[in-house]
Every structure is written in structure tokens, then in C-alpha cells.
Amino acid sequence: MKIATKWMSVLLALTLVLSLGTLTAFAAEEAAPDASAYVDGVENANIDPALYLDYSAAIDAGVYQWILSDDGSYYTLAAVNEEGEADTTVEAEINVGANNEETVETNTSASGEASGRGSGGMFGGAVYEGVYMNANITNESYQTMLIYVPAAYFTTDEDGNVTGIDHDAQVGGYTADTAPIVFANECGGWRSSSPRSCNTSYIEQGFVYVTAGARSRDAVDEDGVPSGKAPTQMVDLKSGVIELRANADVIPGDTDRIVSIGTSGGGEMSSAFGASGNMPEYYEYMYESGVLGVTKNEDGTYVSAYPDNIYAAQCYCPIADIEDADIAYAWWWVDLADDGGVPRAGLTDFTRRLQELEADAFVEYVNSLGLTDADGNALALDGLRSGSFYDAILQNISDALNAMVAVGSIDPETAYSDYDSWLTQDEDGTWHVIDLRGFMIGTGLVNNRNKAIPGFDTMDKSAENNAFGTSDETAVHYSASVAQILSDNYEELSALDGFNAEQVDSYIEEALTGSGAEYIAEQANLMNATEILLGYDGLTAVDPAEHWRVRSGTADQHTSFSIGFNICTAAQALGLDTDYHLVWNMGHGSNEGSSTGTFIDWVNEICA
């Protein structure tokens, strides 16, 4: 017997195909069609979509099962083996940061406050195996998700087996119909995400919590062929959202209130997720992965029966705008080379000069974006350390310090010697950071540099390079901005110590002039939230997230402060609700404490 009666009959696809037959519009007032309406139309599948993507059918067949937690507070929708038992797997350690050397910090803020995962489980513990999100499976652990639901949202029999959804029960002011859905990914370091243990702090609030897998740069199929090339990350996350909407007959939660959350590379995925809602440029990739409801027209265009947009995006220290991340990082560190601000391997004459050229290029890049503040004033640079954009960065840092001072967590006068070289104080006690270089030296951040030059698209292709190119290529260069600098300044750079002609020539060809450069640029563009929101590179945001929250730490040595700021500024330009703050002395992670609010409070606020 089905655990819940399907609440609507099979509907026609809610699509409106525009002139090219690719763009899908969705009627917000109508519910998405049930999964059973489209399982037969999934063409790229190596599992049975009728069994595995229609969750009510899977529950009936004993393939999936709602499992009650030991404390009785929540149920988990998980896969069940042939013996009717839920298999477990070891939860992987949290993904490393972007340089693959340091872990992403979670749970404890700079002031010692608990935040992040909550009490739902320790990393490395046992977690259930998740439910499938799409049908062309190349990596089982990365193409599944675990769904955690407050137990009160279900009706059950005397043995505790779920029999349906209780639409009247309330938890934390929410019901099974109004509960926001927190949708998490763990793509730190741009690596693949697999489902994680439950964060019980979300359950206590009455949220539905989903922890989703996603293939990324380290994913390979059973033959060792790369299977996570961009934008596969978005394909898998979007397919998870589609499955939630297509299976609303058995999954509680408000699918109009899906809130994405991710840290580091996962913060980047959350930003791209938020920017790219219902954009047809992703449909071909989704079709190839066997995403429910995505079909191919006779004219070669694609449509989707389901919306894949989300309501809100939480981005912690996002490793984003990846094609321009190197020039942003160079701008951040360029005047610290003689003060200890060098990578572990040091700087050669070549990389020192390249850093200077990259920093100059960032000035041009920022000015090309046409950014404005909340009052419509232009945000621009008229030099490396001057202009309204630079002033805004200093203000962001100042706001972070003042927020921590306000809660009594720091006294700058006693915390920092010689603070007057980079800090001033008004009569009302408000502090102002007046010099970026002085701030980095004064706080000690200068001694913790994380990246080389370049450090994202590295010369030896050892970082995020394996996220781009075709499945026939292990790793490629993708930063056209760095490649252009190398090309334009080739003669000068080639005369410097440390110049490697073979590496530089490969960089220019792959990212700029070669036959594959256009495709690589398309991949990078589809992962760039800032430029999607601003309408760059021929892409236009269709249904971006209504709410944006970005948090990075002032002690984050992985990526420039400007990256997260630009994302929120671009969202703000579209009239979207934004909440951007730096957190004083927080490293690379999500341990934000409460000085600038909390993620849970924000979710409750935007879902009120």
C-alpha cells in the first residue's frame, strides 16, 4: 500500500517553449507534476527511472525506506538492500580547501561559538546510502541524496512505519507544507559531494534537511574516465531539486522555499545554483545525465517539465568566479611580497611580475563589471589601492571588526600592537580599517598565504584544472584572463627567471587560442554566478534566487574578499535581497558565530 495517496493526477508538462524551443517558463501557482508522469520519458538511463526516480514507487517496492532516528526526532529517506535493510557507508572526511592542503573549518567560530553542522553526527561516522537523483549513474555515492524530515510531519502505524504526511503537525512554527528545505552540498575544494549525516539543529527548527551528492573534479566512472566535468555539479544539484518537487507526494517541505548552502567550493556551487535557476543552457547536460522530465525536441533543443530554481543561496567563503579568481587573489596580495606575503614555494622573478600584471588586470576587470552599491553609486578602482571599490572592501572589513567589538569579543587596542598604522577610531568608538596592506600585516594574515601565482588555474594544472575540458582530458587550463596576460606580455615574461615556455605555451593554447578554448570558456561561464547575474558572456539569469547570504572570514587566506562581495553586489543589481558580511578573524569555513547573525535566523527571517 502506498504511504501516501498521490495528491494530483498526471499533468501535462508545465512548459512554455519560447521561439527557440529551449526556455521553459513555469506557472508558480500550479504544483509540479508527479514523478510517475515522466519516468517513461527518461532516455539516458542505466537504472530503472520508474523504480528509482519515482520515490513512492520505490518505497512500495522496498527499494527506499523512511528510517526513524535513534532519538525519534526525524526520519531519513534512504536506500534499502534486498534483505529490506538500510545499508550504511562511512561518511567521508570533509572536503579540503581549494589548495588541497588545508581542511575547511566548521563548527567553531573565531569567538568560540558553536555553529555549522550541529549535533547530528561526527565526520567519519556511519551514514545511510542515499536515494538516486538522476538515472545515468556513473558514480553511485555522488548521484544520491539523503533527506531528513522532522518525525512530526508524518503519520505512522503502531510500529512506527510512515503511512503518510501529517499536514497539521507543527515544528518550530512550520508545518509539513510550509517547512523550508535546506539543501546542502559538500563540494569543498571543488571536489565531489556525497550525502552527509543529519544536522539536527535544522530538524529542531522544523526544517527539512537534504544533503546532496554532486560529481565534480575528482569523479571518475568505473573505467576511470572523468565524469564530473563542469557543469556536472549543477546538473546533479538541479536534479536533486527536481526530485524533491516531483516527489512531493511523499516528501514534506515547501519546494518553493529551497535554500542552498555550501562552503568553499561548495559555496561556489551554491552561488551558481542560485544564479542559474531554469536556464536552458544546462538542459542538454541534464538530459545526458538522465534528469527526470528533461527531454530533447526534434529540432535538437531541450525542455524541462520541472523548475530547478531555488529560493535562497547561502554561500560560505565561495571559491567562485573561478576564471578570474587568480587575478582577484593577485590584487589582494600584490603589495605584500616584501612583507612575508609569499606562497610556501616562494616567488620567482617570473611569478612576482605575473602577480603584478594579474593585479593590474583585476583593476580593469572590476571596472568592466559596472558594479554599483545599494544607492546606485559606481564601485570602481582608479588604482590598485584607491577608488570606491577599494573603499567598500575596507568598509566590509571594518564592519566585521565593529560587529565583534559590539558583542565584547575583541578590544583592538589590546589585540593588535601598532594598530594605529591601519586602524582609526571615531569618538563614538567605531573602528575603521584604513589600509588593506596594514590590516593583513597587523592581523598576521600576511603569514598565512595559501595560494601560489597562479593558484587556482595553476601552471602545472594541479588544482581545479581537472574540473574543465572533456572527459578525454584529465586537466586543462581554463583561466582566459591569466592566459591573456601571459600572451600579451610573453616577451617580457620569457626573459625572467622561473619562466617555463612549455607550461606557458600550454596555458595560452588551452585557455585562449586552442580549438577547445571556446568549450572550456562555456564551462567556466556556466559556473560563474557573478557574470550570470550581470548578464555577461551571452548568459542571462532567468529565475535567480530571491535571497542571497554570503559570509567569508577576514582571516580567510584561500580567496580574495572581493569574490563573495561581487556575487552579492551583482545580485543586488537585479533587485534581489542580499545579506553580505565578513566575519572577523574567521578562517576559511562556515564557523561564523553570531556577530553578524546566523544562517538559521536568516532562514527563519526570509521564510516568515
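Things worth noting here:
- Estimated Rh, region 394-491: Kirkwood, alpha-carbon pairs, angstrom: 16.9 Å
- Estimated FRET transfer efficiency when R0 is 41 angstrom, pair D435-A374 (beta carbons, to 0.05): 0.95
- Estimated FRET transfer efficiency (T470, E427; beta-carbon r; R0 60 Å; 0.05): 0.45
- A 1.4 Å probe run over the protein chains yields, for the chain, 37 Å² of accessible area per residue, whole-number rounding.
- Virtual spin-label span in nm between S141 and D418, 7 Å along Cα→Cβ: 4.8 nm
- Accessible heavy-atom area order of R352, R449, highest first, probe of 1.4 Å: R352, R449
- Gyration tensor verdict on region 354-442 (Cα atoms; rounded if a/c is under 1.5, prolate if a/b is larger than b/c, oblate otherwise): oblate
- Computed lengthening from T163 to A86, 0.36 nm per intervening residue step minus Cα-Cα distance: 25.9 nm
- What the Cβ-Cβ distance of E222 and Q395 gives, at R0 = 60 Å and to the nearest 0.05, is a FRET efficiency of 0.70.
- Distribution of pairwise C-alpha distances over the chain, 10 Å bins, in %: 3, 17, 28, 26, 16, 8, 2, 0
- When the chain is described by a simple charge dipole with +1 on each Lys and Arg Cβ and -1 on each Asp and Glu Cβ, the residue from N450, A214, T255 located farthest towards its positive end is T255.
- Pairs of lysine residues in the chain - Cα separation under 30 Å, sequence separation of 8 or more or cross-chain: 10
- By accessible area, using a 1.4 Å probe on protein heavy atoms only, the chain has 45% of its surface on carbon and sulfur.
- Neighbour count of at most 13 Cβ within 10 Å plus DSSP loop: longest GluC sites (Glu not before Pro)-free window in the chain: 428-608
- Of the whole protein surface, S515 contributes about 130 Å² of accessible area at a 1.4 Å probe radius.
- Nitroxide proxy distance, nm - points 7 Å out along Cα→Cβ at A345 and Q170: 6.0 nm
- The mean sequence separation of alpha-carbon pairs under 8 Å and at least six residues apart, normalised by the residue count of region 249-308, gives a relative contact order of 22 percent.
- Figure note: K461, K451 ranked by solvent-accessible area, largest first, 1.4 Å probe, ligands and nucleic acids not counted: K461, K451.
- Given charges at Cβ of Lys, Arg, Asp, Glu: the chain dipole, positive-most of Y490, T200, A573: T200
- Compared with the alpha-carbon gap, the fully stretched path from S515 to A61 is longer by 158.5 nm at 0.36 nm per residue.
- When the helices of the chain are scored as -39500 (n - 2.57) per DSSP H run of n ≥ 4 and the total is divided over every residue, the value at 222 nm lands at -8000 deg cm²/dmol.
- Sequence of T458, T178 from largest to smallest accessible area, 1.4 Å probe: T178, T458
The values are calculated or read from the model by the stated rules, or taken from the named source; none is laboratory data. The shown structure was predicted, so the numbers you read here are calculated from the model rather than taken from an experiment. Note that we place each Cβ from the backbone using ideal geometry, even for glycine, and neighbour counts take in every protein chain shown. For accessibility, only protein heavy atoms count, side chains too; no ligands or nucleic acids. Shrake-Rupley method; radii C 1.70, N 1.55, O 1.52, S 1.80 Å.
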